[in-house]
Amino acid sequence: MRKAYFRLYGAVLLLGSGVFGVSCNDDINTIGTDIIGGGNFETEKVDFEVYAYNRKLAGVQTNGLPLYQLGVYNDPVYGKTEASIISQLGLPSSTVFGTSGDNNEQVKTVYLNIPFFSTVKEGQTETNDNGEPVARQFEIDSVFGNKTAEFRLRVEEFTYYLRDLDPGSDFGQQEYFSNNEELSSHVGAVLRDDVMTIDDREILVMKEDDPDTDEDESEEVDTRLSPRIRVELEPEFFQQILDREGSEVLSTRSNFQEFIKGLRFSVGDLSDDMLMLLDWNNASVEVVYTYEREDTSSDNDDTVETEASFTMSLAAYTVNSSNGARSKANNVVNIMHNEAYPAEIADQLDTGTNASSLYLKGGAGTVVELSLFDEDREGEVLADIRAKQWVINDASLTFYVDREKLDAYQVGREPSRVYVYNLDDNSVLADVELDYTTNQDKNLSRLIYGGVLEEENDKGIKYKIRLTEHIDRVVNKDSANVRLGLALTASINNTMNVSALDQEGDSSLHVPEAAVLTPLGTILYGNNVEDEAQKDKRLKLELYYTEID
């Protein structure tokens, strides 16, 4: 019979530094069975081997993401990535244009709206001292590189139908991968091709002046829009939608998306490298049109030209407000082209050997495979620990940043967090699920589990992840010692996984969706460190346990 025990977790959580303190005088969180009754026991510390293998990704699934990347990012370590977007259009919000029947509907203006992730700067007001409307400034936090760079935005008709179901997988959901660059060749009419820059001010959409009043309504704000890409598109292309009013092509979403297959978005001619992370699930195309209606104020058969509009969403999914569940909307695909990694990095990937350096890159980059205790994970070391029936008080992995390498590459912005997950079945580890220090601010969420970058002098030193519950289940509860995956994460609150392709094209590998959302990269020390001066930074599993007499 297994002895009862308790595990002490500190109640002191230092949010600023992400340090988790342990104190016997603090509140006790009991995990397990009961409190130890009697006998002698001491807490000991021991280190175990961690075998780490670098894995390069050929592509990652990018349909159904919460945000999309557009532009060029030049990572000092891993090189250049170019990102473009292909997106279906949602069925118009109304398929009756004007009034029923032929009303001579004509497209007037078409607006593309793609918001940035941004917040209003403190102290901003909607009017000046004279009460006149002003555009407030925002803090745009979703742009990597030079935010002031000029770039040419190109929007084209996409001419290939993106199906929902995959006939090759018993008609499961179709997966589209980042390396499917052939898709980008299916283009038709050019709907926008112009140079622009990012503006961090909100966009004021003014009212139209009513000629029948004495006031000038054009000086009044109708709508305030957060910073975004807002440009006009060629109206003639969208006229075909109005011309099909009442036809089968507007009767269902699938019919419409076979008729209008989508749009392709790309950038070029950048004055400097810049990558935009776009709030795609709030992106849309707004079509403003005119139609003729009967003039009810006249006894004659006169008509009046009237303006109306409809909106087509570009969103990849919608979210249920009650439970947060996602429902598919449109197929949206991020195409990411990575240039070849430098030889000194490429030679360390997919070698099958226990690595001395761990190479982590977001997007369609890299992940690291981890095996704990034994190279085959179920060997003599683990068997010996299980036989001793230790009480596991704390278990952690510390990943030290290879500052020598990063400084040599002159890396500036470093990933703020890393994430460890079950690589065998793509599931979330118990330590993540049981960490209730959740917060809408991803940097303040699940701090007990950790993975947050610890810094000195604004430079990264290490990431520490606690796996106490996972290790306890492996040692004492007959859970399998599964392969673990190490990846970057853009948000610890997003624990969904997506399919990934290895170098042989196998899609059985999965990576965190949040790793796909960041373009950043880093280098960490592995287990097989050869430099004696850096041996104390090698990757190992640190285990605190209690052995009861």
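Tabulated values for the structure
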{"quantity": "Segments 56-62, 401-407 sorted - mean Cβ within 10 Å per residue, highest first", "calculated": "56-62, 401-407"}
{"quantity": "Pairwise centroid distance, computed over Cα atoms, of the range 492-549 with the range 399-426, Å", "calculated": "8"}
{"quantity": "Principal axis box of the range 226-337, alpha-carbon based, largest edge first, Å", "calculated": "62, 41, 29"}
{"quantity": "Kirkwood estimate for the range 496-549, i.e. one over the average of 1/r between Cα atoms, Å", "calculated": "15.2"}
{"quantity": "Part-to-part distance (alpha-carbon centres) for the range 51-102 and the range 242-263, which is given in Å", "calculated": "22"}
{"quantity": "Rounded to whole Hz, the Karplus (6.51, -1.76, 1.60) HN-Hα couplings of the range 181-198, x for glycine and proline", "calculated": "5, 4, 4, 5, 7, 8, 10, x, 5, 8, 9, 6, 7, 7, 8, 8, 9, 7"}
{"quantity": "For the chain, calculated [θ]222 nm from helices alone, where every DSSP H run of n ≥ 4 adds -39500 (n - 2.57)", "calculated": "-2500 deg cm²/dmol"}
{"quantity": "Vicinal HN-Hα couplings computed from phi for the range 107-120 (Karplus, 6.51 cos²θ - 1.76 cosθ + 1.60; Hz; Gly/Pro x)", "calculated": "5, 9, 8, 10, 10, 8, 10, 10, x, 8, 7, 7, 9, 5"}
{"quantity": "Size of electric dipole in the range 230-311: Cβ of Lys, Arg +1 and of Asp, Glu -1, about Cα centre, debye, nearest 20", "calculated": "660"}
{"quantity": "Relative exposure of 142, 491, judged by other C-beta atoms within 10 Å (fewest first)", "calculated": "142, 491"}
{"quantity": "Total formal charge among the other residues, if their Cβ is under 12 angstrom from that of residue 451, Lys/Arg +1 and Asp/Glu -1", "calculated": "+3"}
{"quantity": "Long-range HN-HN contacts of residue 317 with modeled amide H, under 5 Å", "calculated": "329, 330"}
{"quantity": "Surrounding net charge for residue 168, when Lys and Arg each add one and Asp and Glu each subtract one, Cβ distance under 15 Å", "calculated": "-4"}
{"quantity": "Charge dipole magnitude, Cβ of K and R +1, D and E -1 - the range 79-337, Cα centre, debye nearest 20", "calculated": "1960"}
{"quantity": "Student exercise, the chain dipole from Lys, Arg, Asp, Glu Cβ charges, in Debye to nearest 20", "calculated": "2800"}
{"quantity": "Residue 358 long-range amide H proximity, modeled H, under 5 Å", "calculated": "524, 525, 526"}
{"quantity": "Cα gyration tensor, the range 208-286 - rounded (a/c under 1.5), prolate or oblate", "calculated": "oblate"}
{"quantity": "Estimated vicinal HN-Hα couplings, Hz - the range 380-386 in sequence order (Karplus 6.51, -1.76, 1.60; Gly, Pro = x)", "calculated": "5, 5, 5, 4, 5, 5, 4"}
{"quantity": "Ratio Rg/Rh [Cα only; Rh per Kirkwood] for the range 79-337", "calculated": "1.00"}
{"quantity": "Sites excluded, chymotrypsin sites (Phe, Trp or Tyr not before Pro) in DSSP loops with at most 11 other C-beta within 10 Å, longest stretch of the chain", "calculated": "172-435"}
{"quantity": "The chain: radius of gyration over Cα atoms, expressed as a fraction of 2.2 N^0.38 Å", "calculated": "1.16"}
{"quantity": "Volume per residue that the Cα convex hull of the range 51-106 spans, once the total is divided by residue count, Å³", "calculated": "157"}
{"quantity": "Residues with amide H under 5 Å from that of residue 394, placed H, sequence gap 5 or more", "calculated": "544"}
{"quantity": "Cα-derived Rg to Rh of the range 411-549, Kirkwood definition", "calculated": "0.97"}
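Values quoted throughout were computed directly from the atomic coordinates according to the rules given, and no laboratory measurement underlies them. Only a predicted model underlies this, so the values are computations on that prediction, with no experimental measurement involved. Heads up, the Cβs are rebuilt from the backbone with ideal geometry, glycines too, and the neighbour counts pull from every protein chain shown.
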